């Protein structure tokens, strides 16, 4: 019984990272911009967060530093892609490659550093419940924050005028422009928000989830988050569910090892990546479905003067 | 305020000048980085651009490192021109290395020289199989090739780890994760004494010429490019997009696998967990900087090789972490993308 | 008694790289008048409207609204002034509902529910049927235009701009639109009506400004002019008269039987039981407003869609229903698509290379490209069709619409096709090139080719077709010889009202359509 509660808890924790990043990418993509630089942003944010906590001891500041790092990189990306109309895929790739290189380079001094312990979290009263307590109520505030973020996004995207405007920009930037909406500024806003959230997720990884710094420690979570937005057909609630599922897949390897199941560790490490492929295959099988749900202008450049 | 204005016709001048400008920008930012970190920028410039070509041995090393970059980037050029975004060349490189290594391990002290051919072919096959997996998933299930090929990179690296820590580990290797060193018969022949440069280079150059002929002088190459330039026109012409997908991925997978085979049976001489050196990703940048054109790619492969070697020298001579190479690579691609806007747009000062 | 003009433009100029879209344009619109802006494609009408509506800024000139000088910097400012616009290519969002679309076009701080109420009241006020809760992608083209119109009306405009509003309407729907516009004008709203359709302008408008090549070339009262005199004003000369020869058609070339195809696009049109025959030496036209299945039919005929049932598409007895485009070309079936750049030609490749899309006679063994032969072929086509291009290596994008179309049509005609299918042959093409293309089509017909023309321009079809079909909602009407075709009849058929085989005139086909619509509604 204990084991299953712990498994659920660790899945939620692991899933939160993916969820926050994927929700940020969702905002991007709803506006029609695909940012393949998620991995690079998360890496730089992880370093920024880690370094800030080492310097100041405050995890809150670390998380904020991560968001700032993500925001700045996203701004660079947004400038190139939105104003100079560079190819979105190539620029995102460039960002990921640059982020990987830069974080590895700038982080060499932090490899041996240690972070102060983050106190055990517990929701008063609820955390003492049998099974549910350890499973659901002893998490870092950000885990609950992810839930709040989903609710916020669902409300904002589908019930407010500004959310509608964002969706319309992703649907048809030309029409939105003809109606007088500042398409480029709206897209930039979406890109910045996405970058900040990816940064938050990255900083969470290095300051709480696995509190250390190693080159490449994001290990593909940025890419998985990208797959997740497609898998969830661009709906916030589905992203959360998908993220938790992935979290579970990631955690299952430790669980299995703990059970004494003897698979070579490399095959267990492969699991999340294989799961991502499986998930992509399942969701892409029906191209009609994707076409209906995907923001129609995703990945395409927008030329206001045309 | 800066304004961007669309040109009536893309500027030919800038399409050649843009990579040069991007390089200049990267160098400038690099020098600023050096200064920020308290190192002499001119010394940095020297380490990156002069040391690697100072002696014949250094040039040999430069060409040696450029070979896998050139090979992989050639394949990526075919892919990207076909609008197939193969980001997982690194994984195909690893699988090529694995397949080649597996065959090389079969060699004994008395094997004939034909083993080399077998090793290289195995590398090509390994890369093709791995890329073919991505092609199949996209063909059959419409799965996005960017994410699939990338996930397969992680899988490939784990596979390498499994083999090298497990069944293929050298029993006489003091428990280090590495295979035994390959027999001489399976090693790639060198070009001359005194240099590690091997036949990989002429092979790569020949393939560059071949790819050029394919892309610009054959109907199939034309069809590939139309698929990338105007998919609706390709459909109108009756050029099969399935065929284009498979050709693109098999070609780039095969080339990446060949590069892996050359690395592993060449300078490395054995399989270790350090086989994936990031060439598959660096080659993406090589391909773009080379304008997806075989001639440009030869030049940009040399440039990227310089970055790699410069990074290693910077580590040993200047005390920099080797990962500075990665910073420069990323900067170069960013600058290139930014400078490329000058091809399509004019920048003006104005209201 | 002189009143202040609602809108007055003086010396308006706008330049784009390589072209002066508007050159010193002057325009004056009175309150309550329906003012036409007449001109051929490329005359600069759309650009001028963009300037008035604030989507673009003029490089020079003055705009006065109700006597006050104004600078409209964006569409929101235009709307706050009381200027509203219905675009030629609708600015609607497919996946959103009608109400959400209208809401996005309004600047007032209204709630969605208020918007729904206002849509319903405004729509009934003008007799426009519209359900605010439907997603736009389920609407027909005519219904989408109603959304645009209601959206414009809800801003209580003083000036309403309509850009080519009838290019997507059946003749009956055009009449309904005119009723709405006259009611609006009577209430004091000024209307700017952009069009190149002479008979409509003569019916609706009392004032007209004529544009050609970016300049104003005349003013008139269209109700006092004839088609010929307006045409002369618009083009500067009499249109070329085509020699049409009556000739008995030869053997059956293209035989389409009961073609049934579900659309691949979730927002597309399914094809139901389409049958048509084209014989050698005749031109068969298919009329219909866009969005009724033309695109799907053409893809099935060209080979871009190979899912047709065996036997449904045959060429001189050979079953090509599932053949690739290459195989169809080998049998002599050639196709000119409506999109020039991006489908008929690759924009960034040269003309010579663009030949390789549909012809492989310059290709040697192992696929080797004989570039010299290719360039010579391109030169030949350029010379024969008098195409203005910078040589065989000029990129397709650098040619004007008319010249590129001449090249593409010439490329296919040069292959001596047995069947030529052409879609929108003169869309966006200047007058001279359009006349040339039409005469080439007729020459091809006279030489014995079977020609199928799909066009939204009824005038054009009347000019060159021997027989006409109408396509509506994925179904094809029976054909009617040109001599017996009238605008009223074709217009009625565009709504699906044609006699079907089994019974009396004018109803069963319509029932089929209604049943289909109800079925899709039920699926939601």
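General observations
- Of all the listed residues (B:194, B:221), the sole one being surrounded by fewer than 15 Cβ atoms within 10 Å (Cβ to Cβ) and over 23 Å from residue B:120 (Cβ atoms) is B:194.
- Residue check, residue A:72 more than 13 Å from every other protein chain (Cβ to nearest Cβ), closer than 30 Å to residue B:287 by Cα and under 22 Å from the mean Cα position of the chain (by Cα): yes
- Considering residues of region C:329-342 that are within 8 Å of chain B (Cβ to nearest Cβ) and more than 12 Å from residue C:397 (Cα to Cα) only, the residue surrounded by the most Cβ atoms within 10 Å (Cβ to Cβ): C:335
- Only a single item in (1) under 16 Å from residue C:475 (Cβ atoms); (2) surrounded by fewer than 21 Cβ atoms within 10 Å (Cβ to Cβ); (3) touching a residue at least 60 places away in the same chain (Cβ under 8 Å) is not met by residue C:314, and it is number (1).
- Subset of region A:75-99 (residues that are more than 9 Å from chain B (Cβ to nearest Cβ) and farther than 27 Å from residue B:90 by Cα): A:75, A:78, A:82
- Filter result for residue B:5 (within 14 Å of another protein chain (Cβ to nearest Cβ), outside any helix (DSSP H, G or I) and under 23 Å from residue B:334 (Cβ atoms)): yes
- Index of the failed condition, residue A:208 passing every other in (1) buried (at least 24 other Cβ atoms within 10 Å of the Cβ); (2) more than 14 Å from chain C (Cβ to nearest Cβ): (1)
- Residue A:102 assigned to a helix (DSSP H, G or I) and either touching a residue at least 12 places away in the same chain (Cβ under 8 Å) or at the interface with chain B (Cβ under 9 Å from one of its Cβ atoms) (or both): yes
- From the options C:376, C:323, C:383, C:352, residue that is more than 7 Å from chain B (Cβ to nearest Cβ) and in contact with a helix residue (DSSP H, G or I) (Cβ under 8 Å, 6 or more places away or on another chain): C:352
- Given (1) modelled with pLDDT of 90 or more; (2) in a helix (DSSP H, G or I); (3) touching a helix residue (DSSP H, G or I) at 6+ places or on another chain (Cβ under 7 Å), index of the condition residue A:5 fails: (1)
- Listed here are the helices (runs of 4 or more DSSP H) enclosed by region C:342-450 that have at least 2 residues being more than 27 Å from the chain's Cα centre (by Cα): C:351-355, C:371-384.
- Residue satisfying condition, being within 14 Å of another protein chain (Cβ to nearest Cβ) and in contact with a strand residue (DSSP E or B) (Cβ under 7 Å, 6 or more places away or on another chain), within set B:242, B:190, B:217, B:235: B:217
- Residue check, residue B:74 buried (at least 23 other Cβ atoms within 10 Å of the Cβ) and modelled with pLDDT of 95 or more: yes
- Exclusive hit being at pLDDT 90 or above and more than 13 Å from chain A (Cβ to nearest Cβ), set B:271, B:313: B:271
- Candidates C:39, C:61, C:67, filtered to the one that is within 29 Å of the chain's Cα centre (by Cα) and either more than 23 Å from residue A:179 (Cα to Cα) or surrounded by 15 or more Cβ atoms within 10 Å (Cβ to Cβ) (or both): C:39
- Residue among C:163, C:131 that is modelled with pLDDT of 85 or more, buried (at least 18 other Cβ atoms within 10 Å of the Cβ) and at negative phi: C:163
- Residue among A:194, A:180, A:170, A:189 that is under 20 Å from the mean Cα position of the chain (by Cα) and within 11 Å of chain C (Cβ to nearest Cβ): A:170
- Region C:460-474, subset part of a helix (DSSP H, G or I) and surrounded by 22 or more Cβ atoms within 10 Å (Cβ to Cβ), residue farthest from the chain's Cα centre (by Cα): C:464
- Filtered residues of region C:475-502 (kept if in a helix (DSSP H, G or I), at pLDDT below 85 and surrounded by 12 or more Cβ atoms within 10 Å (Cβ to Cβ)): C:487, C:489, C:490, C:491, C:492, C:493, C:494
The values are calculated or read from the model by the stated rules, or taken from the named source; none is laboratory data. Because the structure is predicted, anything quoted here is derived from the model rather than measured. Glycine also receives a Cβ, built like all others from the backbone with ideal geometry; neighbour counts cover every protein chain displayed.
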